Amino acid sequence: MHDQSSIPYDVVIAGAGPVGLFLACELQLAGLQVLVLEQSQDSHSALKQLPFGLRGLSISTLEAFHRRGLLEEIVAAQQLTSDAIKRAAHWMQQTRRPAGHFAGLQFYQDNIDVAKWSWRLPTSADANLAVDMATLESVLAARARSMGVEIRRGFAVNAVVASSEDVTVQAAGETFRAR
Ligand SMILES: Cc1cc2nc3c(=O)[nH]c(=O)nc-3n(C[C@H](O)[C@H](O)[C@H](O)COP(=O)(O)OP(=O)(O)OC[C@H]3O[C@@H](n4cnc5c(N)ncnc54)[C@H](O)[C@@H]3O)c2cc1C
C-alpha cells in the first residue's frame, strides 16, 4: 500500500478548454488539488478569436458562470471586443431572447415552460451573451490559477493508467500521479 499523501494531485484534467478549466475550478472549490495539462503550448490561436472563436453562451452556461461570479468578469473582459461581437452575433440583436438551438433550429426562452424544471436553481442571470473563446479561456484560466489550480501548457496527455492506488498520467515524457 502506497502512502496516499505522497500523491500530489487529486485530479488531473486533460485539456484547458472551457470545460476543463471550469471543472478544475469546481473541483478546487470542493477542496481537491487539480492539475490541468494542455497540449497546446500557446494559448493564442486565430481559431479562438473573432470571427471563428465566437460562442453564444446557453442559459445554463450563463447561470453557472453567474453563480460563481464569473459572468461579470467575462462581460468586463470582453468590453474591448464587444462591438465586434455584437456585429458578428446577429441573434443578439433580436428582441426575443434566444435560448439555444436544436440542429440549427432556434428556439426562444419565452417558449420554454421553466416550471417543468423543478431542479433548476434560482438565478438572476438573464443576459444574452456571446464571447470569443480567447476571452472565455483567459478569464477561466485566471480564476483557476487564483484558486490554486496548476495549469501546465505543452503537455499532451498520451496515456492514463489507473490502479487501485492511483492514476498515472503520461504527457510530454513526464509522469503525473493523482489519487
Ligand atoms: C465553429 C464552432 C462554433 C461553436 N459555437 C458554439 C456556440 O455558439 N455555443 C456553444 O455553447 N458552443 C459552441 N461550440 C461548441 C463549443 O466550442 C464546445 O462545446 C466547447 O469548446 C467544448 O469545450 P471543451 O473544453 O470540452 O473542449 P475544447 O474547447 O475542444 O478544448 C479542449 C482542449 O483540450 C486540449 N486537448 C485535446 N487533447 C488533449 C490531450 N490529449 N492532452 C492535453 N490537452 C488536450 C485542446 O488543445 C483544447 O485546448 C462551437 C464549436 C465550434 C467548433
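Quick look at the values:
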read-out	value
Simple spin-label estimate for residue 177 and residue 94 in nanometres, 7 Å along Cα-Cβ	5.3
Cα centroid of the range 58-82 to Cα centroid of the range 134-179, whole Å	24
Rounded to the nearest 20 debye, dipole of the chain from Cβ charges on Lys, Arg, Asp, Glu	460
Options 45, 29, 94, ranked by Cα towards positive dipole end of the chain, top entry (Cβ charges)	94
Estimated vicinal HN-Hα couplings, Hz - the range 24-37 in sequence order (Karplus 6.51, -1.76, 1.60; Gly, Pro = x)	4, 4, 5, 5, 5, 4, 7, x, 8, 9, 10, 10, 10, 10
Inter-site label distance for residue 110 and residue 6 at 7 Å from Cα along Cβ, in nm	6.5
Chain lengthening between residue 118 and residue 147 when straightened (0.36 nm per residue, less Cα-Cα)	7.3 nm
Point-charge dipole on Cβ atoms (K/R +1, D/E -1) for the range 76-160, about Cα centre, debye to 20	120
The chain - mean residue ellipticity at 222 nm from DSSP helices (-39,500 (n - 2.57) per run, n ≥ 4, rounded to 500)	-8500 deg cm²/dmol
Residue 165-residue 76 pseudo-label distance in nm [points 7 Å out on the Cα-to-Cβ vector]	4.6
Those trypsin sites (Lys or Arg not before Pro) in the range 1-70 that DSSP places in a loop and that have at most 16 other beta carbons within 10 Å	68
Under-5 Å amide H pairs with residue 100, H placed in peptide plane, nonlocal only	107
Within the chain, longest stretch free of exposed chymotrypsin sites (Phe, Trp or Tyr not before Pro) [DSSP loop, at most 15 other beta carbons within 10 Å]	53-116
Per DSSP, loop trypsin sites (Lys or Arg not before Pro) in the range 112-144 with at most 12 further Cβ within 10 Å	120
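Here, each number is a calculation from the coordinates, and none is a lab measurement. Because the structure is predicted, anything quoted here is derived from the model rather than measured. Glycine also receives a Cβ, built like all others from the backbone with ideal geometry; neighbour counts cover every protein chain displayed.
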